[in-house]
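Novice: Please read through the structure below; I'll follow up with questions.
The values are calculated or read from the model by the stated rules, or taken from the named source; none is laboratory data. Because the structure is a prediction, the values reported are computed rather than measured. Cβ: placed from backbone, ideal geometry, glycine included. Neighbour counts: every protein chain shown. For accessibility, only protein heavy atoms count, side chains too; no ligands or nucleic acids. Shrake-Rupley method; radii C 1.70, N 1.55, O 1.52, S 1.80 Å.
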Amino acid sequence: MAIAITRQVSPRFNECEITYIDRSPININIAHAQHEEYVQALKDMGCEVVELPAEPDLPDSVFVEDTAFILPQAAVITRPGADSRRPETETIIPALQPYRALLLIQEPGTVDGGDVLVLDKDIFVGMSTRSNHAAVDQINILVGKFGYQAQGVELHDCLHLKSAVTQVDAKTLLINRNWVDAHHFAGFDLIDVDPSEPFAANCLPVNGEILFPEAFPKTRAKLEARGFKVRTVQVDELAKAEGAITCCSLIIQ
């Protein structure tokens, strides 16, 4: 059974970090309701969900993906690029300890989990405003012994690598080619987002289904046309904080 670690929405969610979109007021009650819908969807997809309490003083902490990335052999605890987010790792560490050995990124490395895309033994790290080459070097040292190779990937006009590309299954990726160069992913079958839905490249495969935002029906149709089973949730209020589908959970297979 897959385990999904999630965290409830902070009461200070409106104070979240914003980089590439305009700030707009967040209705905290709607954000809570959408997060509950997201958690229920994970349960319905067969996950055992570990729900962590809200962090009152950490506005972005619902986005647990940025605190770690998980491999079969270990969990790598990140060092988020925004100073305000670095304390988020403190409570993720005990949550992950029962499931994986832990490895930690250290200063001067910075990396958000949303910038990390693991495709078999290749680890792609978005060179965003949050992640740097020092972290890539550390990842290679930490997990190279398991056969992984990390490399930095240039991004354009988006927050994280997983804003631009995510995995659909072992051989298929969902991609916005305006935000990341597709040549990095040679050998994969690429599904392009609909041009009218640039933020639609973020999806979460779990137990044979794809969790996907309800806001992007044209890209959803592309996934379904390729035979994928898609389950949608409303996350538009969470998206006001530059959050996406993968951001709100850490999946342990």
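Novice: Which ³J(HN,Hα) values, rounded to whole Hz and listed in residue order, are derived for the range 155-167 from phi using the Karplus coefficients 6.51, -1.76 and 1.60 in 6.51 cos²θ - 1.76 cosθ + 1.60 with θ = phi - 60°, glycine and proline given as x?
Specialist: 10, 9, 6, 9, 6, 9, 4, 6, 6, 9, 7, 9, 7
Novice: Another question, then. Nearest 0.05, what FRET efficiency do Asp44 and Gln73 give at R0 = 41 Å with Cβ-Cβ as r? Each step should come with its number before you reach the end.
Specialist: Details: r = 29 Å, r/R0 = 0.71.
Efficiency computed from Cβ-Cβ geometry: 0.90.
Novice: Then there's this: When the accessible area of the chain is split by element with a 1.4 Å probe, what percent falls to carbon and sulfur?
Specialist: About 49 percent, which is the carbon plus sulfur part of the accessible surface.
Novice: When only Cα pairs under 8 Å and 6 or more residues apart are kept, what is the percent relative contact order across the range 1-94? Don't jump to the answer; show the numbers that get you there.
Specialist: Values: 123 pairs, mean separation 33.5, N = 94.
Relative contact order of the range 1-94: 36 percent.
Novice: Count the lysine pairs in the chain that are 8 or more places apart or on different chains: how many have C-alpha atoms under 23 angstrom apart?
Specialist: Close lysine pairs found across the chain: 15.
Novice: For the ranges 8-14, 124-130, 58-64, what's the packing order if you count other beta-carbon atoms within 10 Å of each residue, average per peptide, and put the highest first?
Specialist: Details: 8-14: 19.1, 124-130: 22.0, 58-64: 24.7.
Taking the mean over residues of other Cβ atoms within 10 Å, the ranking is 58-64, 124-130, 8-14.
Novice: Additional query: Each residue of the range 110-126 in turn: what ³J(HN,Hα) in whole Hz from Karplus with 6.51, -1.76, 1.60 and θ = phi - 60°, glycine and Pro shown as x?
Specialist: Calculated HN-Hα couplings, in order: 9, 7, 9, x, x, 8, 10, 10, 9, 10, 6, 9, 9, 10, 9, 10, x Hz.
Novice: Going by the alpha-carbon gyration tensor, a ≥ b ≥ c the square roots of its eigenvalues, is the range 51-166 rounded (a/c under 1.5) or, if a/c is not under 1.5, prolate (a/b greater than b/c) versus oblate?
Specialist: Values: a/c = 1.67, a/b = 1.16, b/c = 1.44.
Cα axes put the range 51-166 in the oblate bin.
Novice: Sort out for me the Cα centre separation of the range 1-60 from the range 108-124, rounded to whole Å.
Specialist: 22 Å
Novice: Quantify how much of the Cα-Cα distance distribution of the range 1-54 extends past 14 Å, in percent.
Specialist: Values: 855 of 1431 pairs.
It works out to 60 percent of all Cα pairs.
Novice: Continuing with the same structure: Using the Karplus curve 6.51 cos²θ - 1.76 cosθ + 1.60 with θ = phi - 60°, what ³J(HN,Hα) values do you get for each residue of the range 183-191, in whole Hz, with x for Gly and Pro?
Specialist: In residue order, the calculated couplings are 5, 5, 10, 4, x, 9, 7, 9, 10 Hz.
Novice: Taking amide H atoms as placed 1.01 Å from N in the peptide plane, list the residues 5 or more away in sequence, or in a different chain, whose amide H sits under 5 Å from that of Leu211.
Specialist: The list, which skips near neighbours in sequence, is Leu204, Val206, Arg231.
Novice: Based solely on its DSSP helices, what 222 nm [θ] is calculated for the chain when runs of n ≥ 4 H residues each add -39,500 (n - 2.57) and the sum is averaged over all residues, nearest 500 deg cm²/dmol? Intermediate results must be reported in sequence, preceding the final value.
Specialist: Details: 6 runs with 53 residues, N = 253.
Calculated at 222 nm, the ellipticity per residue is -6000 deg cm²/dmol.
Novice: Based on the alpha carbon coordinates of the range 161-251, what radius of gyration and maximum Cα-Cα distance (Dmax) apply, in Å?
Specialist: 12.0, 35
Novice: Considering only protein heavy atoms, what per residue accessible area in square angstrom results for the chain with a 1.4 angstrom probe?
Specialist: Working: 10650 Å² over 253 residues.
Using a 1.4 Å probe on heavy atoms only, each residue of the chain averages 42 Å².
Novice: For the chain, which semi-axes, largest first and in whole Å, follow from the square roots of 5 times the eigenvalues of its Cα gyration tensor? Kindly include the intermediate steps, with their values, before the conclusion.
Specialist: Numbers: eigenvalues 107, 101, 68 Å².
Each semi-axis is √(5λ); the values are 23, 22, 18 Å.
Novice: Separate question: Given H placed on each backbone N at 1.01 Å, which residues far from Glu242 in sequence or on other chains put an amide H within less than 5 Å of it?
Specialist: none
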